[in-house]
Structures are given as C-alpha cells and as structure tokens.
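Just below is one structure, and these are the notes that go with it.
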Amino acid sequence: MPLRRRLVPAYKCVIIGHEGCGKSAFIQRHLTGQFVQQYMPTFGITVIKLIFHTTRGPICFEMWEGGKAEYVRSEGPNPFFKKVHCAIVMFDITLKDPSKNFAAFRAMTEMVSPDVLKYVCVNKADLKQGKPNARRTKIYRCTRISVKNNMNTLVPFQHLARRIFKDRSLKLMPRPTMLPAPVKPPRQERQAEKDKEKKKKKEKQFKIMRRNTDA
C-alpha cells in the first residue's frame, strides 16, 4: 500500500519594516543559513516558503516581502495584506531619530488587521545604539534580534507557531547541519591512488607466490 505524503500546514506571513532594516537578510538566513552582507532593495512582491519542524509537527510559513510601494498601494485591494495569517514587524534599532522610528512602527502595525497574529522585533541589536528616551523604551519591549550574529532569529517563528497551534510548550526542532564531504587536496588524492595501486600489485604478487609454493 503506497504511503500517503503528509501535508504541511501553510500560513501566509507578511514581513514589513523600514528599508534596509534586514527583512530580506532575515528570510535568507533561515532559507540558506547564511548572512547576506550586501544590501539589495526589494521591488515588487517576493514569496518564499520556510518550513520548520516543531514538537507538534512541521509548519510552513509563506513569507511575503514587498517593497515600499506595496505598503502604500492605494489603487484597488492590496494583495499583499489579503488573507494574512500572521505578520512580523521589523525595524532598525540603530536609527538616529527615535520619534521617527516609533511613528513608523505604529504606522506599520496599523497596516495589518488587528485579528492577525503579530510579532515585533528590532534588528541589528549587535550594533551600538543611541541614547534611549521615553518613546524609544516602548520599542525596547520588542525582541531584539541580530540577523548578522543569528541572535534570537528563531524566536518570532516559535512565538507564532505557539499561537497558531495554541501550545505554549511548543518548541522548534533544531535543523540537522549538512556538512560537506571532506575534499582531499590534489596531491593527497594522487598519492592515495598510487598507494592503492601499489597495494593491489603487492596482493597480486602475494597470490602468485602462494600458488607457486603450493604447487
């Protein structure tokens, strides 16, 4: 009897934030495990599926990322915010103007329906920060992450998965590290082939000598 393939539940998750705050790098960090240093602005809408294994089974987040034009689109219904299950709001903690940072954060959260699960995080926590004030301390209540140092990057997805499955004890399972096969330098590889050939010759000579002695 053929085995049925298990369907992985998928949820649309939009990620919104300032230009250059690290949204694309955040997704690529989970997709490839690498940090993208070069800044490349996003144009249009990109959708990337991220699958995580949890103690309650696998879960897929369809990450929707768009450029600034997709957020402020006014003509007709915006497909970016249509049928959203959850949202990750990200902004840069190193911005010089705290009031501007806070105002932009408030504006971005209002783009998403109040019924949608949200998680707010501030990126670039590994860099030096300015002097905090009354408004900025409100932003500090969010989770600080560092995509560059891979600090707390799993926390947003674990929080959302717990809310979706309604299980506070849910945990994300660590991904197996796929190490590349060790590659021998050319000289060592050639030497290994020579040693192998010598071993075969010796074994062949030993068999011939044994036959002669038996005869």
Looking at this structure, is PHE35 in a strand (DSSP E or B) and either over 20 Å from ALA125 (Cβ atoms) or at pLDDT below 90 (or both)?
no
If I ask for residues that are part of a loop (DSSP other than H, G, I, E, B), under 15 Å from the mean Cα position of the chain (by Cα) and either at pLDDT 70 or above or assigned by TED's automatic domain parsing to the domain that holds GLY33 (or both), which ones from the stretch 135-175 would you list?
ILE145, VAL147, LYS148, ASN149, ASN150, ASN152, THR153, LEU154, MET173, PRO174
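The values are calculated or read from the model by the stated rules, or taken from the named source; none is laboratory data. As the structure is a computational prediction, the values presented were derived from the model and not from experiment. All Cβ positions, even for glycine, are placed from backbone atoms using ideal geometry, and neighbour counts span all protein chains on display.
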